[in-house]
Amino acid sequence: MTLTEFTKTLEAEEPPSGLGRALIALWHDGRGDWEGAHRVAQDITSPDGSWIHAYLHRKEGDPANAEYWYRRAGKPVARGSLEEEWAEIVAALLE
């Protein structure tokens, strides 16, 4: 699946079958459901889960918490737009 194809799935009522939890979290966020995305991301203990968690807290406006999660993910604190970061994470997870 490509980033464009993933983005088109946001029109559906449910995430596509076969997605991992990290992409499901980003699918919820892409549909405007921050709470649903955060609920899924909380249970992902991998660096990818930490990266998503960092992004979500950055989006929430909690930079200190976001910085903590970026450190756990081993990623630099994002400085671009939230839309760019969302697309970057999705593309990385789809590879």
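Rule-based calculations on the coordinates, nothing more; no lab input. In this text the structure is predicted, and so the values were computed from the model without any measurement. With ideal geometry, Cβ positions are generated from the backbone for all residues, glycine too; neighbour counts draw on all protein chains shown.
When each of Arg72, Arg58, Arg39 is scored by the number of other beta-carbon atoms lying within 10 Å, the sequence from fewest to most is Arg39, Arg72, Arg58. Normalised by residue number, the volume inside the convex hull of the Cα atoms of the chain is 91 Å³ per residue.
Charges only on Cβ, +1 for Lys and Arg, -1 for Asp and Glu: so what's the dipole of the chain about the Cα centre, in debye to the nearest 20?
Details: 10 positive and 17 negative charges, 73 e Å.
Dipole magnitude for the chain comes out near 360 debye.
Cα axis of helix 21-30 to longest principal axis of the chain: angle in degrees, 0 to 90, nearest 10? Once rounded, the angle reads 90 degrees.
Going by how many other beta carbons lie within 10 Å of each one, how would you line up Ser81, Ser50, fewest first? Don't skip to the end; give the middle numbers.
Values: Ser81 9, Ser50 20.
Exposure proxy ranking, most exposed first: Ser81, Ser50.
Beyond 15 Å, what share of the Cα-Cα pairs of the stretch 11-55 is found? Please give it as a whole percent. Show your work: numbers first, answer last.
Values: 320 of 990 pairs.
Here the long-distance tail beyond 15 Å is 32 percent of all Cα pairs in the stretch 11-55.
One decimal place: the segment Glu35-Glu60 gains 8.0 nm when fully extended, by the rule 0.36 nm per residue minus the C-alpha distance. How tilted is helix 82-94 with respect to the longest principal axis of the chain? Cα atoms for both, answer in degrees (0 to 90, nearest 10). The two axes meet at around 60 degrees. Spatial offset of the stretch 40-70 relative to the stretch 18-38 amounts to 13 Å, using the alpha carbon center of each.
The residues Ser46, Ser17, when put in order of fewest to most other Cβ atoms within 10 Å, stand as Ser17, Ser46.
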